[in-house]
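Beneath this line is the structure, given in structure tokens, with notes to follow.
The values are calculated or read from the model by the stated rules, or taken from the named source; none is laboratory data. Every value quoted in this text rests on a predicted model; they were computed, and no experiment measured them. Here Cβ is always computed from backbone atoms with ideal geometry, including for glycine, and neighbour counts include all displayed protein chains.
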Amino acid sequence: MSMNCSPGSMQRQVQVIADFQFGRGAGRALFPDGCGFIFSRTGRIRQVTLGGKRLVTVRAMDGKFTLGIDGALRLLASLPAPAHRVVVLDEVAEFIREGKNTFAKHVVAADPGIRSGDEVMVVTGNDDLLATGSAVLSGREMLCFNYGVAVKVRQGR
């Protein structure tokens, strides 16, 4: 498969997308030197890996990232709380770790900047990563509602 750009420019490209999606500095934290790239049949970046582990997948529909567990751990370490986090009750931590969806009634805190559709990290009160997923509700709605799915969990840890 032919590539039109160098690995360095591809890395810079994904860093810029991460800075846009998660905030300034997220790109360098998420994608250090040495990242690998998996391409689609059309030659677009499909996944970014580090040491054989998936950091992110690029969504074909909008070019934004879905986080792998390894990518979420890197992001969690670099972004100060509450950025892109949904904090849940300790009683439901094991269910979410198994990949079950996060319900609004179990949310105890959430980044008020979260919008529906954003990629988020579900964590315990101690900021321990449980899962990654897509927000169904905004951060404020997660705290107001007592029913329904707050985060559609993609991958548990």
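Considering only residues in region 87-101 that are in a helix (DSSP H, G or I) and not acidic (Asp, Glu), the one that is nearest to Leu137 (Cα to Cα) turns out to be Ile96.
Of all positions in region 47-55, none carries a residue that is in the same structural domain as Cys144 (by TED's automatic domain parsing), modelled with pLDDT of 95 or more and hydroxyl-bearing (Ser, Thr, Tyr).
Remark: Leu89 matches the filter, which requires a residue to be in contact with a His (Cβ under 7 Å, 6 or more places away or on another chain) and either closer than 21 Å to Ala150 by Cβ or surrounded by 14 or more Cβ atoms within 10 Å (Cβ to Cβ) (or both). Take the conditions within 26 Å of Arg24 (Cα to Cα), touching a residue at least 12 places away in the same chain (Cβ under 8 Å), among the hydroxyl-bearing types (Ser, Thr, Tyr) and not in a strand (DSSP E or B) and apply them to Ser134. Does it pass? The answer is no for Ser134. Restricting region 104-122 to residues that are under 14 Å from Arg154 (Cα atoms) and touching a helix residue (DSSP H, G or I) at 6+ places or on another chain (Cβ under 9 Å), the residue that is surrounded by the fewest Cβ atoms within 10 Å (Cβ to Cβ) is Asp118.
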